[in-house]
Amino acid sequence: MPANLSFDDLKSRVSEGSIDTVLVCFVDMQGRLMGKRFHGVNFVENSYKETHCCNYLLATDLEMATPDGYASTSWETGYGDYVMKPDLDTIRPVPWLEGTAMVLCDILDHHTHEPIPHSPRAMLKKQIARLKELGFDAMMATELEFFLFEKSLDELRKDGFRDLQPISGYNEDYHIFQTTKEEGIMRPIRNHLYAAGLPIENSKGEAESGQEELNIRYSAALDCADYHSIAKHAIKEIAWQNGHAASFLPKWHKDRVGSSSHVHQSLWKDGEAAFFDKDRDLGMSEMMGHYMAGLIAYAPDYTYFLAPYVNSYKRFSKGTFAPTKTVWSVDNRTAGFRLCGDGTKGIRVECRIGGSDLNPYLAQAAMLAAGIKGIEEKMELAAPTRGDVYEDAKAGDIPQTLRDATELLRNSKFLREVMGDDVIDHYTRAAEWEQEEFDRVVTDWEIARGFERA
Ligand code: ADP
């Protein structure tokens, strides 16, 4: 498995001239890499210590608009700076760009150098530290599903994103022949990411025309979130380099399957699988039961962190493999939580609620917090559901709209207690703004339905 570059490796590569550019990045609220391109020499001599960015970058929407209503940044306070502090353990080559390396940063207050509480990496680190106090480490894997399209992103944008044609003509779930046709894009994605130090497992065709999935081997939660963000970025960039588009919009057509990001989770103690107990039913330790009970009980509160846009909620519909119910089941893909690897050391829970648009730091932070709450309060896990869970009237519902999820987020005593009022107020504002923007728009559907007939 290729490792990251050490700072000394980077210095030698810069001095020999094989690396001349360092991408100094952080992950924003939407899960995107933002930052600057440094000349290699400047980075290894100076900017490795810190650089700066405008503090509006953790309060914009996807369009980079600057909504009001955030306590942390505003026109009134003049949009000052944050410190971007490179985490030198995350330096890696970027093999799909010539002469380029990358480093991820933590975002700190400009004056105090304290972590910014609503920065996604800080939010995940906080929950990892809380879990460590209980004696556990979290291992996670996030699946990345996405669609590839025939045309390039630039062409599609100029055409107003109309006439979207997926790259292939039929459902390519596990399909070797169909995915061979996509190897021009997928092989460089796997190989470049592997060479960048990501433990790539495989890619496979998914259950719709043009839909692919990338799997990365499970790893410590922070690494998993870093890998996800880098991989998502690379997939878009490599598809673009090849004249195609990759999209992580969860539902780009009402009649097509949506894209998700399932999150596999297990806790470990001193390198041993703490979710496993060979003497208990399904091989599930008592602690795993408590963790899952917390995950399930608080799922409505944290759904926003798994489904942050209006479009995210279009995925949740019956009979699509996207869940609608907050229950668990043993190896059953109709439930929100699926027990995998029962009876083995690989026992884990897969949360199936998240869309391909989730921010992995926020999703993992919220789920760890819920699991920790379950462990602390020794919450009781209900019996697993069986059969087609979509039809289970007794099972709890996943919020069906961004509006509902926003109110659950705003009013969550649990999230306010474990993440802080400032953080929850910040993300509630982001959620509200997204809905307000949507509510202002006159959609194609309204025009087609009412233009003549209303
Ligand atoms: P499936 O295809 O049924 O969803 P896979 O065997 O492909 O399941 O595994 C899915 C993901 O789960 C992979 O990324 C794998 O690395 C991860 N995984 C395996 N074991 C564990 C574990 N103990 N904890 C967390 N994730 C795990």
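Nothing in this text is a laboratory measurement; each read-out follows from the coordinates by a stated rule. Keep in mind that this is a model prediction, so the values were computed, not measured. Here the Cβ positions follow ideal geometry from the backbone for every residue, glycine too, while neighbour counts run over all protein chains shown.
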Under 5 Å between amide hydrogens, which residues at least 5 positions from Tyr79 or on another chain qualify, with H placed 1.01 Å from N in the peptide plane? Ser74
Charge dipole (the chain, unit charges on Cβ, about Cα centre) - positive-most of Leu10, Ala448, Asn46: Ala448
For the range 127-445, what does the relative contact order come out to in percent, with C-alpha contacts under 8 Å and a separation of six or more? 19
Total charge dipole magnitude, the chain, about the Cα centre, Cβ charges on Lys, Arg, Asp, Glu only, Debye to nearest 20: 540
Using 0.36 nm per residue, how much length does the chain from Asp270 to Asn411 gain when fully extended, once their Cα-Cα distance is taken away? 47.1 nm
Simple SL model, points at 7 angstrom along Cα→Cβ for Ala454 and Trp240; separation in nm is 3.7
For the chain, rounded, prolate or oblate, judged on the Cα gyration tensor with a ≥ b ≥ c (square roots of eigenvalues), a/c < 1.5 rounded, else prolate if a/b > b/c? rounded
Restricting to Cα pairs under 8 Å and 6 or more apart, the percent relative contact order of the range 1-137 works out to 26
Remind me, what semi-axes does the range 122-162 give for its equivalent ellipsoid, largest first in whole Å, using sqrt of 5 times each Cα gyration tensor eigenvalue? 42, 13, 5
Under 5 Å between amide hydrogens, which residues at least 5 positions from Leu23 or on another chain qualify, with H placed 1.01 Å from N in the peptide plane? Phe38, Ala101, Met102, Val103
Around His52, with a cut-off of 12 angstrom between Cβ atoms, what is the net charge of the other residues, counting Lys and Arg +1 and Asp and Glu -1? 0
Test of understanding: what is the full-extension gain from Glu150 to Arg440, defined as 0.36 nm times their sequence separation minus their Cα-Cα distance? 101.3 nm
Suppose R0 equals 22 Å; then what is the FRET efficiency for His111 and Met64 from their Cβ-Cβ distance, rounded to the nearest 0.05? 0.30
So what's the projected area for the range 7-116, the Cα convex hull averaged over all directions, in nm²? 7.4
Total charge dipole magnitude, the range 329-454, about the Cα centre, Cβ charges on Lys, Arg, Asp, Glu only, Debye to nearest 20: 500
For the range 183-250, with only Lys/Arg (+1) and Asp/Glu (-1) charged at the beta-carbon, what is the dipole magnitude about the Cα centre, in debye rounded to 20? 140
Of Leu108, Ile375, Asn171, which is farthest along the charge dipole of the chain in the positive direction, counting Lys and Arg as +1 and Asp and Glu as -1 at C-beta? Asn171
By the Cα gyration tensor axes a ≥ b ≥ c (a/c under 1.5 gives rounded; else a/b larger than b/c gives prolate, otherwise oblate), the shape of the range 298-454 is oblate
Length gained, Asp159-Ser6, 0.36 nm per residue minus C-alpha separation, equals 50.7 nm
Sorted by Cβ neighbour density within 10 Å, fewest at the top, the residues Leu153, Leu148: Leu153, Leu148
I want the local charge near Asp137. Using Cβ-Cβ distances under 10 Å, sum +1 for each Lys or Arg and -1 for each Asp or Glu among the other residues. +1
Take Val349, Val327 and order them by how many other Cβ atoms sit within 10 Å, fewest up front. Val327, Val349
Farthest toward the dipole's positive end in the chain, which of Pro399, Val423, Pro120, given Cβ charges of +1 (Lys, Arg) and -1 (Asp, Glu) about the Cα centre? Pro399
When a/c reaches 1.5 or more, the comparison of a/b and b/c decides; with that in mind, is the range 254-341 rounded, prolate or oblate per its Cα gyration tensor? prolate
Formal net charge of residues neighbouring Leu88 (Cβ-Cβ distance under 12 Å; K, R +1; D, E -1): -2
